[in-house]
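The structure appears right after this line, and notes come after that.
The values are calculated or read from the model by the stated rules, or taken from the named source; none is laboratory data. All figures in this text were calculated on a predicted structure; none of them were measured in a lab. Counting neighbours? That spans all protein chains shown, and the Cβs are built from the backbone with ideal geometry, glycine included.
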Amino acid sequence: MENRGRCALATTLLWIAAGAAGADCEPWRGEPAPLPTVADPDPLRARWAVLRSAELAQRARLAEVPEPFEAQRLWSRILCLDPGSALAREGRQLMAPVRAHQPRVELAPGRPPGAPEIRGAAWDSLDLPVAFSAPPPPAPRPAPARGRPPPAPAPEASAPAPRRPLEEALRSIQRAEEALRAARFQEALRAAAQARAALGELPGGADLAAPRARLEVAAATAQIGLDDEAAAHESLLRAVEADPGLRLDPERTSPKVLRALELARAARRARR
Amino acid sequence: MKARRASLALAALAAACTSPARAPEPRARLAVEVLAGFPAAPAPAPARPSRVELLLDLTASMRAEVAPGVTRALLARRAAERFAGALAGEVEVGARVLGARSGSCRAVERRVTPRAGESRAGWLQSLAAREPAGEGSLAGALDALGAELPAAAASRDLRVAVFSDLAGECGGDLCAALARLVGNGVRVDLVAVGGASLPDCARDLDAPGPPGLAAAAGSDPAPRFRVERAAGAGPARLLAAARADGVARSLPSGPGTVLIDLDPPARIGPLVLPPSRLTLLRILDFPGLDPPVREWSLETLPLPAGPTPGSEAAGR
């Protein structure tokens, strides 16, 4: 009885939380009244809330492109049933009728100004940094002439350096991330592929979870930018295989990527 | 006195012997409840034709620099060019400029569209090449834009992309203007340059109205069920029939199979319905989920005190 009381209190608090989110949480016709939540003390009503949330999420995803307003309403409705659902919060935010974007300025020396090609990802482009040519750095002051030729470069500078796959991989990952920031998705994918190949050269047993996950997230972000969600899903599956505890910063990661990561994580759990 | 008592006893005995000897059939109670999902997965709605309107702010405050050599106007213009160039070809695009002509708090300029054969990025580049010159109210510009958009936004996907520093020298209620656009089914993307941030009132705007799906949910009454008992080679005996609305019904105890009019029909049992007990059968039916889910639970409870057979609630 005491436990039931605690559950009822938790349910009430969740209702208050859902109400604070601005949702109308009255039951629809034919729904159990009061509207169950996933924390309902009655296990069957709680299960109904779980299944109803899953059903609404499927309908919301179907509506995102043709009926974005309806999609947002459905994501909000899920918050009535499951106020803690991060997926629903992200969906509601993504489908909000008014969205804000704050593109940063990226000054890159020598980069020609102009709009990079990002066909098919117009709305995502609004959040990406905008590249401008940086003013040229001041030229180095010439050394005073003393009548001697400049010293020859050190022999090691011109000799071929031994290959270091891990360093190559990290450099490629960095290039991929830089390309992403400038919305050069194809370039990001090429760099990610080079990083993947370089990591493949390393002996087994090396702790490569972090760079592997990082490169696959970069690849997935580019693939989402190119509207290739199937490829992005595969990349994120590899990311969570490499690092099952992978977490992305929600402040710096596109909601689409965050949601795709959660889907990949769920798919990995289902496979096991 | 003794004779009278004896005659009464004889009369009672006679009355008992004239009616056939028949023990009352023990009764059980059964409540069936269906907690349902949506009937079936819908076909995806066709994508609607899209129209995007760009509003570029070139008011005086856009002259401020955000980086060495980069003004707010230049950043906004570059972002707008990139955006317009990336829109799919079938999207109808128009643009308006605010503050491109000198003067105080002038209205937004007329809508312009790319000429035939002109690339969108190039068109926008030429449109926005002018330097910030005058003033104008962003809220007023959004209102004017909303008045020009088709009233029936439901027939197409209407979006407005605003490139601005959100400075409000000419006043106007930006939140009210945004709310009016949203109320007409228009989505708005505010690309804020120069460190401006979206006011909270705009962040809190939600899609107006209830979900269309609410109207489709659960319009049918509870499905019907019946309980049958096999009778050898003959037809099954019907023990009870009612709606699966969670109300307890009285029926003969013993074995019985519950058949519920779901799609596809559900057949549960045979169950044993114990006498003088309430059997609670609850079904979760989600045919519209991918994959569909149907689960059921069975519980036997003591009868609640003082029920009226056939009409009492299931006790929950």
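Numbers below:
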{"item": "Candidate set: segment B:263-288, residues that are within 14 Å of chain A (Cβ to nearest Cβ) and not β-branched (Val, Ile, Thr); chosen: the one farthest from residue A:55 (Cα to Cα)", "result": "B:280"}
{"item": "Qualifying residue in segment A:130-137 (condition: part of a helix (DSSP H, G or I) and either at pLDDT 55 or above or surrounded by fewer than 20 Cβ atoms within 10 Å (Cβ to Cβ) (or both))", "result": "no"}
{"item": "Enumeration of residues in segment A:61-85 that are assigned to a helix (DSSP H, G or I) and under 25 Å from residue B:283 (Cα atoms)", "result": "A:74, A:77, A:78, A:79, A:80, A:81"}
{"item": "Unmet criterion (only one of (1) crowded, with 18+ Cβ neighbours inside 10 Å; (2) outside the structural domain of residue B:285 (by TED's automatic domain parsing)) for residue B:208", "result": "(1)"}
{"item": "Failed condition for residue B:224, given (1) at pLDDT 85 or above; (2) under 30 Å from residue B:282 (Cβ atoms); (3) surrounded by 16 or more Cβ atoms within 10 Å (Cβ to Cβ)", "result": "(3)"}
{"item": "Residue B:141 within 14 Å of chain A (Cβ to nearest Cβ), over 18 Å from residue A:69 (Cβ atoms) and among the hydrophobic types (A, V, I, L, M, F, W, C)", "result": "no"}
{"item": "Total residues in segment B:93-121, condition at pLDDT 75 or above and part of a helix (DSSP H, G or I)", "result": "1"}
{"item": "Set B:108, B:91: member being more than 10 Å from chain A (Cβ to nearest Cβ) and more than 30 Å from residue B:296 (Cα to Cα)", "result": "B:108"}
{"item": "Of all residues in segment B:289-307 being in contact with a strand residue (DSSP E or B) (Cβ under 7 Å, 6 or more places away or on another chain) and among the aliphatic types (A, V, I, L, M), the one that is nearest to the other protein chains (Cβ to nearest Cβ)", "result": "B:293"}
{"item": "Any hit, segment A:50-69, residues being among the aromatic types (Phe, Trp, Tyr), surrounded by 18 or more Cβ atoms within 10 Å (Cβ to Cβ), farther than 30 Å from residue B:68 by Cβ and modelled with pLDDT of 90 or more", "result": "no"}
